[in-house]
Amino acid sequence: MEPRNVVEVGTRVRVADIAPPGHVRTPHYLRGRVGVVERVLGPFPNPEELAYGRRTTPLPLYRVRFPMGELWADAEHPGDTLEAEIYAHWLTIEEDPDAA
Amino acid sequence: MPHDGHDPLSPSGHPYRPDQDEPLTYWQCMEIAIRELLVEKGVTTDAAIRAQVQTMDDRGPAQGARVVARAWADPDFHHRLRSDGSAACRELGIEVGPMKLIAVSNTPDLHNVVVCTLCSCYPRNLLGLPPDWYKSREYRSRTVREPRAVLREFGTTLPEGVAVRVHDSTADMRYLVVPMRPDGTEGWTEGALAACVTRDAMIGVAQAAHPKSDGI
Amino acid sequence: MGGNAAERVPRDDYDFALWEKRVDALVMIAQAAGLMTVDGLRRVLEDMGEDAFETMTYYERWVASLNQNLLEEGTYTVAELGARMRDVRARGDTYGTAQRG
């Protein structure tokens, strides 16, 4: 998603399934997973640039909620949830499967 | 790695915590050198370093417990704490620092627990420095996958029907769990309420409980 | 490491030693002075690899990262650090006696 476009709470988003070398703040276990934006945290500097001493353009940061069943095939309770902060450039909007 | 002739692990398998009287390690030597260079270059002063260490020593779970006790005693404060944690703490004279605080409240239906899988992010201005287990590979690996098993290890078994929500502190937020107020504390002062709030309860691996009475 | 299989959570706790508190303080001070960022700290910790997690203690890793960040920033040079560490070691064999008098 374009970093400057702020999506609304409740939007379904997918975390990019990429594994670049270097410093990132997106845990591996969330990559490729689908969650829902729980809260918009506002613009924060991009840690992937800060880590190398570069000046950065602030990015929207979201708190995204994932059902445990989306993350782990053997989840203890699939309906339990996990929330994490994800920067906008890691997210794409995911079509709602119930739509259309 | 330095080779200074000392086994880095104790017989129990735990790292030593060498201090003043132990043989100087490579890393301690580096700390002294960096500290002196920073002072000589005018980045800081010995007094400022002492003050920073003192500030850290003064911080501990008591700060967070005050915040939780106020939230229990004052629903309006609890509401403000949930909408802007940093601002609400400032009302109590507690500066959370550059990171923003998100307070997450346990309810009869939901139990929150906090972890930082990527490093060891922790609301240190509210709770002090994190305990070793919070920084351990085991806690960081397992809490996002089997939180209920981890909670059971800490002696926390949730009633049927309570959902678990794990907060992975991945970026610029810091999390404080507001545990459930224990039963039988109606009318208690904030000071008495704060004594029910442990560090572990504010991380979410335990529940708040009446303070243990010694010898009874 | 989130999600990896692991053993029971170890519950031993330690008090921090003075040198560890000082490392923590220096990292906070270096950040406040604009010499490094928390992400710079983390980046170097991550680049140390998994082995470092087993062979170094928490604040050993922190002081190594602090040093790497300050070298990259140009706060001091490798030569200055090397000379100072030699001088520190020459003062005494313990953390206490190696301090400047």
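The values are calculated or read from the model by the stated rules, or taken from the named source; none is laboratory data. Since the structure is predicted, the reported quantities are computational estimates derived from the model, not experimental observations. Using ideal geometry, Cβ is built from the backbone for each residue, glycine included, and neighbour counts are taken over all protein chains shown. Accessible surface is based on the protein model in full, side chains and every heavy atom, while ligands, DNA and RNA are left aside. Shrake-Rupley method; radii C 1.70, N 1.55, O 1.52, S 1.80 Å.
For the protein assembly as shown, the cysteines with no partner cysteine C-beta closer than 4.7 Å are B:Cys29, B:Cys89, B:Cys119, B:Cys196. For chain B, the antiparallel share of DSSP beta bridges with both residues in that region comes to about 15%. Largest GNM mean-square fluctuation among B:Tyr26, B:Tyr175, B:Tyr134, using chain B with Cα springs under 10 Å: B:Tyr26. For chain C, the relative contact order is 21 percent, taking Cα pairs closer than 8 Å that sit 6 or more residues apart in sequence and dividing their mean separation by the residue count. Assuming charge only on the beta carbon of Lys and Arg (+1) and of Asp and Glu (-1), the dipole of region B:129-202 about its Cα centre is about 360 debye to the nearest 20.
As a test of reading the structure, rank A:Asp74, B:Asp168, C:Asp93 by solvent-accessible area (1.4 Å probe, protein chains only), most first. Mind dumping the intermediate values first?
Values: A:Asp74 100, B:Asp168 0, C:Asp93 120 Å².
Largest accessible area first, the residues go C:Asp93, A:Asp74, B:Asp168.
If you put +1 on each Lys and Arg Cβ and -1 on each Asp and Glu Cβ, how big is the dipole of region B:60-203 around its Cα centre, in Debye rounded to 20?
Numbers: 18 positive and 17 negative charges, 97 e Å.
Dipole size: approximately 460 debye.
For A:Phe44, the accessible surface of its heavy atoms amounts to roughly 30 Å² (probe 1.4 Å, protein chains only, rounded to the nearest 10). The angle between the Cα long axis of helix C:38-47 and the main principal axis of chain C comes to about 70°, on a 0 to 90 degree scale. Remark: mean inter-chain Cβ contacts per residue of B:40-52 equal 4, using a 10 Å Cβ-Cβ cutoff to other protein chain atoms. Per residue, the protein assembly as shown exposes 46 Å² of solvent-accessible protein surface, assessed with a 1.4 angstrom probe and all protein chains in place. With no solvent and one equal point scatterer per Cα, compute the Debye intensity ratio I(q)/I(0) for chain C at 0.10, 0.19 Å⁻¹ and report its log10, rounded to two decimals. The Cα Debye sum returns log10 ratios of -0.36, -1.15. Among the residues of A:80-90, the average count of other protein chain beta-carbon atoms within 10 Å of the residue beta-carbon is 6. Of all lysines in the structure, those lying under 29 Å Cα to Cα from B:Lys100, and not within fewer than 8 positions of it along the same chain, are B:Lys135, C:Lys21. With everything on Cα atoms, drop me the angle between helix C:18-32 and the longest principal axis of chain C, reported from 0 to 90° to the nearest 10. Helix C:18-32 sits at roughly 90 degrees to that axis. Both numbers refer to the Cα atoms of chain A; Rg and Dmax are 14.0, 46 Å.
Modelled this way, with points 7 Å down the Cα-to-C-beta line, the labels at C:Ala32 and A:Asp98 are 5.0 nm from one another. Neighbours of A:His28 by Cβ distance under 14 Å: Lys/Arg scored +1, Asp/Glu scored -1, total +1.
Considering only protein heavy atoms and a 1.4 Å probe, what is the carbon-and-sulfur percentage of the accessible area of the protein assembly as shown? Ligands and nucleic acids excluded, carbon and sulfur give 50 percent. The residue list B:Thr117, A:Gly69, C:Gly96 was ranked by how far each Cα lies along the charge dipole of the protein assembly as shown toward its positive end, using unit charges on Cβ atoms, and C:Gly96 comes out on top. Where both bridge residues fall in the protein assembly as shown, DSSP classifies roughly 60% of the beta bridges as antiparallel. Highest GNM mean-square fluctuation among B:Ala103, B:Ala71, B:Ala149, for chain B modelled with Cα contacts below 10 Å: B:Ala149.
By per-residue mean of other Cβ atoms within 10 Å, what is the highest-first order of B:158-165, B:36-43? Walk me through the numbers on the way to the answer.
Numbers: B:158-165: 13.6, B:36-43: 15.8.
Per-residue mean Cβ counts within 10 Å order the peptides as B:36-43, B:158-165.
Remark: spin-label model distance B:Asp74-C:Val78 equals 5.6 nm, labels positioned 7 Å along the Cα→Cβ axis.
The mean sequence distance of close C-alpha pairs (under 8 Å, at least 6 residues apart), as a share of the length of chain B, puts its relative contact order at 22 percent.
FRET efficiency for the pair A:His89 and C:Asp51, taken as 1/(1 + (r/R0)^6) with r the Cβ-Cβ distance and R0 = 30 Å, rounds to 0.45. Per residue, the convex hull spanned by the Cα atoms of chain B amounts to 189 cubic angstrom.
Place a +1 charge on the Cβ of each Lys and Arg in chain C and a -1 charge on the Cβ of each Asp and Glu, then give the dipole magnitude about the Cα centre in debye, rounded to the nearest 20.
On the way: 12 positive and 18 negative charges, 95 e Å.
Dipole about the Cα centre, nearest 20: 460 debye.
In the assembled protein chains, C:Ile29 presents an accessible area of approximately 20 Å² (probe radius 1.4 Å).
Hey, what number do you get for the protein assembly as shown at 222 nm if only DSSP H runs of n ≥ 4 count, each worth -39500 (n - 2.57), divided across all residues, to the nearest 500?
On the way: 18 runs with 157 residues, N = 417.
Per the formula, -10500 deg cm²/dmol.
Angle of helix B:26-40 to the longest C-alpha principal axis of chain B, folded into 0 to 90 degrees and rounded to 10: 90°. Ignoring aspartates and glutamates fewer than eight residues from B:Lys41 along the same chain, the ones with Cα atoms less than 15 angstrom from its Cα are C:Glu73, C:Glu80.
Run the numbers on chain A and let me know its relative contact order in percent, using alpha-carbon pairs under 8 Å that are six or more apart.
Details: 188 pairs, mean separation 32.4, N = 100.
Rounded, it is 32 percent for chain A.
Accessible area per residue was computed with a 1.4 Å probe on protein heavy atoms; B:Thr25 scores about 20 Å². The ellipsoid equivalent to the alpha-carbon distribution of region B:52-148 has semi-axes of 23, 19, 11 angstrom, derived from the gyration tensor eigenvalues as √(5λ) and listed largest first. In the protein assembly as shown, the alpha-carbon atoms span a convex hull of 171 Å³ per residue.
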